[in-house]
Amino acid sequence: MPFSCVRILSMRLQKKTSLPQNAQYCVIEAPFGRLGILTEMVDGSLMLSKIDYLSLRTPLSPPSNQLAKEAAKQCASYFKNPSHHFDLPLKPVGTEHQQKVWRATQEIPLGTTTTYGQVAKKIKSGPRAVGTACGANPYPLIAPCHRVVSAQGLGGFMKEDSPGLYRQIKIWLLKHEGVL
């Protein structure tokens, strides 16, 4: 993989982390900026490891394996039609609690939102823990944590925010899905 692909892993991961040897990272266009797509071999199967929201300043890097190409195609389909259903092999990640939160977000109907508190009540957790799990979501769009909002309004979005980028993306996604 070209060195430039490793350097642009994401704004959230720019802690000089390196990719696993069997991983590939590409950067594609999105209506709100760029998407980074990380794929890697897991137990002999190619799986999606992460999707990152990136700024427009991030250089594009085309998909170089079949799964990354399919992920890019499905993301493009979602951007054209928000009711698109993703069907991609996902690398198992996260704690049991995080996985509960991410599964709960997948049950939120398109065009609606729910609060951190409502998700917490459903999975018998706390709103802050739900928010933390949403911020750690490695598969945004697929596990639509953008549909989880605060009781007082839009709420935060992802732990680290680069001058409002993730909040702007959340607003774009909710408008795209007919919520705002």
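Just so it is clear, none of the values below were taken in a lab; they were calculated from the coordinates. Because the structure is a prediction, the values reported are computed rather than measured. Here the Cβ positions follow ideal geometry from the backbone for every residue, glycine too, while neighbour counts run over all protein chains shown.
Set the bar at 22 Å for Cα to Cα. Now go through 50/170; 100/121; 69/175; 91/175 and name every pair that lies beyond it. Listed pairs above 22 Å: 69/175; 91/175.
Residues whose amide H comes within less than 5 Å of that of residue 90, counting only those at least five positions distant or on another chain, are 48 (H built at 1.01 Å from N in the peptide plane). Each 5 Å bin, from zero up to the one with the longest distance, holds this percent of the alpha carbon pairs of the stretch 23-94: 4, 17, 27, 26, 17, 7, 1. The computed Rg and Dmax of the Cα atoms in Å for the structure shown corresponds, within [x] 17.7, 55; [y] 15.7, 46; [z] 17.3, 65, to [y]. Ordering 148, 176, 72 by Cα displacement along the dipole of the stretch 25-180 toward the positive end leaves 148 in first place; charges were set at the Cβ atoms of Lys, Arg (+1) and Asp, Glu (-1). Residue 122: net charge of surrounding residues, Cβ under 14 Å, Lys/Arg +1, Asp/Glu -1, itself excluded? Residues close to residue 122 contribute a combined charge of +4. For the chain, a crude dipole built from +1 on the beta carbon of Lys and Arg and -1 on the beta carbon of Asp and Glu, taken about the Cα centre, is about 440 debye to the nearest 20.
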